[in-house]
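Okay, structure first, notes after.
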Ligand SMILES: C[S@@+](CC[C@H](N)C(=O)[O-])C[C@H]1O[C@@H](n2cnc3c(N)ncnc32)[C@H](O)[C@@H]1O
């Protein structure tokens with residue numbers, strides 16, 4: 001076998017020909033403010049913001065081993081100032097008929113309501129949505145906190161809104177004091193007579209959500225949607241927001257993208273997305289989540305490319321690749337096969353492709369490497385490794401003379 005060398009290459013972004021049409025940006029949104037405004041001003045039909053709740057703790061990503069995802073403890077004024085900045089930037093990114101959703105907890109909701117009135121105007125306030133859930137423990141010292149607040153502000157009274165897109169059939173739930181009947185066409189309805197009039201409630205008629213959303217639960221530990229990101233929200237919540245306030249082809253923006261729930265829901269619904277997060281874990285999890293979905297569905301849609309952008313990754317030092325892989329070469333084909341490693345020591349993902357003008361275009365993936373799995377590429381092509389601590393490396397295997 002010829003001797004292989006591995007040359008690190010600097011990369012400024014990635015292009016994936018699958019994943020849904022959108023951009024994942026690994027940055028503090030305040031640092032890329034001007035760039036976001038110049039590229040996306042006035043173009044978002046929906047902006048969803050789910051900032052850290054400033055719980056005083058730190059949130060983890062759990063996969064084999066536990067990794068810090070983001071710290072959630074800053075002085076109160078700093079916390080409010082972060083939310084205000086996000087609201088001000090959102091206003092610039094929103095289309096004239098767009099809508100903002102700010103997801104917060106009851107500790108900060110009243111302050112945010114006043115703040116958003118200032119930023120968007122009192123008339124823009126549309127709803128205070130209460131997301132009520134049952135999960136988590138119960139306190140005996142006070143009434144357990146079982147809801148979040150989602151503040152909804154419209155850019156104009158004509159902002160796009162289609163309640164019809166989020167109705168659900170009334171269903172066969174038993175109704176007290178009502179008689180179950182079947183009409184001449186076979187449709188089931190429940191009937192009640194008052195004031196000499198008959199009121200009919202058909203089982204298959206849609207019922208539209210009110211401002212209390214108690215029909216969407218937090219994801220349970222075994223939910224297939226779970227990524228391991230602790231503060232991940234259910235896609236069902238985002239789907240309701242996106243479906244009611246945007247149409248196919250629209251752009252949905254999230255400035256606190258986390259595990260990419262907004263991006264994933266938007267991609268599934270044929271919207272494009274911009275997902276920004278300052279955390280390395282968040283941006284890697286988002287990228288993998290979007291790619292995984294496409295690979296699982298055997299969908300290769302070159303018209304809906306996913307772009308991921310990040311601060312420049314310098315060539316830097318490579319880790320000991322032999323720690324992870326058995327690396328072999330035959331006729332210019334290089335194979336990276338994962339060694340037997342405990343879950344917490346395995347790389348997060350691996351891909352191979354080409355680098356042109358600093359942009360890595362992936363053509364092959366190994367998204368959840370397990371023993372023996374790996375990637376085959378050609379000498380001279382680029383390999384991208386996200387290790388177990390979410391460090392990212394791009395390098396080219398070459399055959400030494
Ligand atoms: C509550 S989580 C979002 C969870 C997300 N909705 C989901 O479903 O996974 C908040 C996120 O905001 C990110 N964040 C905090 N400050 C930020 C900033 N200034 N710019 C961009 N992202 C930030 C954190 O890294 C974290 O991932």
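Any residue at all in the range 147-160 that's loosely packed, with under 11 Cβ neighbours inside 10 Å, modelled with pLDDT of 90 or more and not in a strand (DSSP E or B)? The answer is yes, given that some residue of the range 147-160 is loosely packed, with under 11 Cβ neighbours inside 10 Å, modelled with pLDDT of 90 or more and not in a strand (DSSP E or B). Just for the range 273-312: of the residues that are more than 16 Å from the ligand (Cβ to nearest atom) and crowded, with 20+ Cβ neighbours inside 10 Å, which one is modelled with the lowest pLDDT? Once the filter is applied, the top-ranked residue is 294. Among the candidates 82, 49, 94, the residue that is surrounded by 12 or more Cβ atoms within 10 Å (Cβ to Cβ), touching a helix residue (DSSP H, G or I) at 6+ places or on another chain (Cβ under 7 Å) and modelled with pLDDT of 95 or more is uniquely 49. Of all residues in the range 3-37, those being part of a helix (DSSP H, G or I) and surrounded by 15 or more Cβ atoms within 10 Å (Cβ to Cβ) number 2.
Checking every residue in the range 313-320 against the condition of being part of a helix (DSSP H, G or I), at pLDDT 70 or above and not assigned by TED's automatic domain parsing to the domain that holds residue 274 gives zero matches. Where strands (runs of 3 or more DSSP E) fall entirely within the range 188-258, none has at least 1 residues that are within 16 Å of the ligand (Cβ to nearest atom) and farther than 30 Å from residue 97 by Cβ.
Rundown of residues vs (1) under 26 Å from residue 236 (Cβ atoms); (2) in the same structural domain as residue 129 (by TED's automatic domain parsing); (3) outside any helix (DSSP H, G or I); (4) more than 13 Å from the ligand (Cβ to nearest atom), yes/no style:
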| position | (1), (2), (3), (4) |
| --- | --- |
| 39 | no, yes, no, yes |
| 46 | yes, yes, yes, yes |
| 55 | yes, yes, yes, no |
| 70 | yes, yes, yes, no |
| 84 | no, yes, no, no |
| 95 | yes, yes, yes, yes |
| 102 | yes, yes, yes, no |
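In the range 355-401, counting only strands (runs of 3 or more DSSP E) that sit wholly within it, none holds 3 or more residues that are assigned by TED's automatic domain parsing to the domain that holds residue 227 and farther than 21 Å from residue 317 by Cα. For the condition part of a strand (DSSP E or B) and assigned by TED's automatic domain parsing to the domain that holds residue 257, residue 142 does not qualify. Does residue 219 qualify as being under 30 Å from residue 286 (Cα atoms), touching a helix residue (DSSP H, G or I) at 6+ places or on another chain (Cβ under 7 Å) and surrounded by 15 or more Cβ atoms within 10 Å (Cβ to Cβ)? For residue 219, the condition - under 30 Å from residue 286 (Cα atoms), touching a helix residue (DSSP H, G or I) at 6+ places or on another chain (Cβ under 7 Å) and surrounded by 15 or more Cβ atoms within 10 Å (Cβ to Cβ) - is not met. In the range 1-24, of all residues being in contact with a helix residue (DSSP H, G or I) (Cβ under 8 Å, 6 or more places away or on another chain) and within 10 Å of residue 309 (Cα to Cα), the one that is farthest from the ligand (Cβ to nearest atom) corresponds to 14.
The values are calculated or read from the model by the stated rules, or taken from the named source; none is laboratory data. Remember, predicted model here, so these are calculated numbers, not experimental data. When we count neighbours, we look across all protein chains shown, and the Cβ atoms used for this are built from the backbone with ideal geometry, even at glycine.
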